[in-house]
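The values are calculated or read from the model by the stated rules, or taken from the named source; none is laboratory data. Predicted model only: the values in this text are computed from it and were never measured. Neighbour counts are summed over all protein chains in view; Cβ atoms, including those assigned to glycine, are modelled from backbone coordinates with ideal geometry. Please note that ligands, DNA and RNA were not included when accessible areas were found on the heavy atoms of the full protein model with its side chains. Shrake-Rupley method; radii C 1.70, N 1.55, O 1.52, S 1.80 Å.
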Amino acid sequence: MSAAKIKKGDNVIVRSGKDKGRTGTVLQVLPKEGKVVVGGVNIAARHRKPSQANPQGGIDRREAPMAISKVGLVDPKTGVATRVRFEDKDGKKVRVAVKSGEAIDG
């Protein structure tokens, strides 16, 4: 298994789709499905019938998973979307922003 280019807690920007240009924090990564859940982005509305647990019913709005290819990591130096590469620093594998060369987690 290769190292993850996008991890939980990363700041990302949406590169395509209805939420293009919006930023958020990764809440969950689903590697087997190739998807991520980003806070405040890709909100799906689900209409719920009243039940014993929720007697009122109503509309539930929550973040839905989106393709990992639709998001890009925000460069810590410039604040724009960037690709990620891996480098060895002091015998440790660290993620590096391609645009600025800034270490992301090292």
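So, in region 23-71, exactly how many residues are within 27 Å of V84 (Cβ to Cβ) and either of a type in the set (F, W, Y) or in a strand (DSSP E or B) (or both)?
First, pick out the residues of region 23-71 that are within 27 Å of V84 (Cβ to Cβ): 23-43, 63-71.
After this cut, where a residue has to be either of a type in the set (F, W, Y) or in a strand (DSSP E or B) (or both) as well, the list is 23-30, 35-38, 43, 63, 66-67, 71.
Count: 17.
Conditions (1) without any contact (Cβ under 8 Å) to a residue 60 or more places away in the chain; (2) surrounded by fewer than 12 Cβ atoms within 10 Å (Cβ to Cβ), marked per residue:
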{"residue": "N11", "(1), (2)": "no, no"}
{"residue": "T25", "(1), (2)": "yes, no"}
{"residue": "Q28", "(1), (2)": "yes, no"}
{"residue": "D60", "(1), (2)": "yes, yes"}
{"residue": "A67", "(1), (2)": "yes, no"}
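Criterion first (surrounded by 18 or more Cβ atoms within 10 Å (Cβ to Cβ), among the β-branched types (V, I, T) and at pLDDT 95 or above) does V74 satisfy it? Full working, then the answer.
Working: surrounded by 18 or more Cβ atoms within 10 Å (Cβ to Cβ): yes; among the β-branched types (V, I, T): yes; at pLDDT 95 or above: no.
Taking the combined requirement at face value, the residue does not satisfy it.
Within region 77-106, track down each residue that is open to solvent by 80 Å² or more (accessible area, probe 1.4 Å) and in contact with a strand residue (DSSP E or B) (Cβ under 9 Å, 6 or more places away or on another chain).
K77, T78, R83, R85, D88, K89, K93, K99, G106
Is it true that some residue in region 56-76 is among the acidic types (D, E) and touching a Gly at 6+ places or on another chain (Cβ under 7 Å)?
Of the residues in region 56-76, the ones among the acidic types (D, E) are 60, 63, 75.
After this cut, where a residue has to be touching a Gly at 6+ places or on another chain (Cβ under 7 Å) as well, the list is 63.
Checked region 56-76: at least one residue is among the acidic types (D, E) and touching a Gly at 6+ places or on another chain (Cβ under 7 Å).
Return the pairs, sorted by first residue and then second, in which the second residue is open to solvent by less than 50 Å² (accessible area, probe 1.4 Å) and among the polar types (S, T, N, Q), the first residue lies in region 93-106 and is under 15 Å from I6 (Cβ atoms) and part of a strand (DSSP E or B), the beta carbons are less than 9 Å apart, and the residues are 6+ apart or on different chains.
Pairs found: A97/T82.
Name, by its number, the condition in (1) within 21 Å of V29 (Cβ to Cβ); (2) under 18 Å from the mean Cα position of the chain (by Cα) that does not hold for G79.
For G79, the exception is condition (1).
With respect to the numbered conditions (1) touching a helix residue (DSSP H, G or I) at 6+ places or on another chain (Cβ under 7 Å); (2) open to solvent by less than 60 Å² (accessible area, probe 1.4 Å), which one is the sole condition not fulfilled by K35?
(2)
I'd like to check something: does region 47-54 contain any residue that is small (G, A, S) and more than 20 Å from K18 (Cβ to Cβ)? Working first, answer last.
Pass one, region 47-54, residues small (G, A, S): 51, 53.
Still in the list and also more than 20 Å from K18 (Cβ to Cβ): 51, 53.
Yes, that holds for at least one residue.
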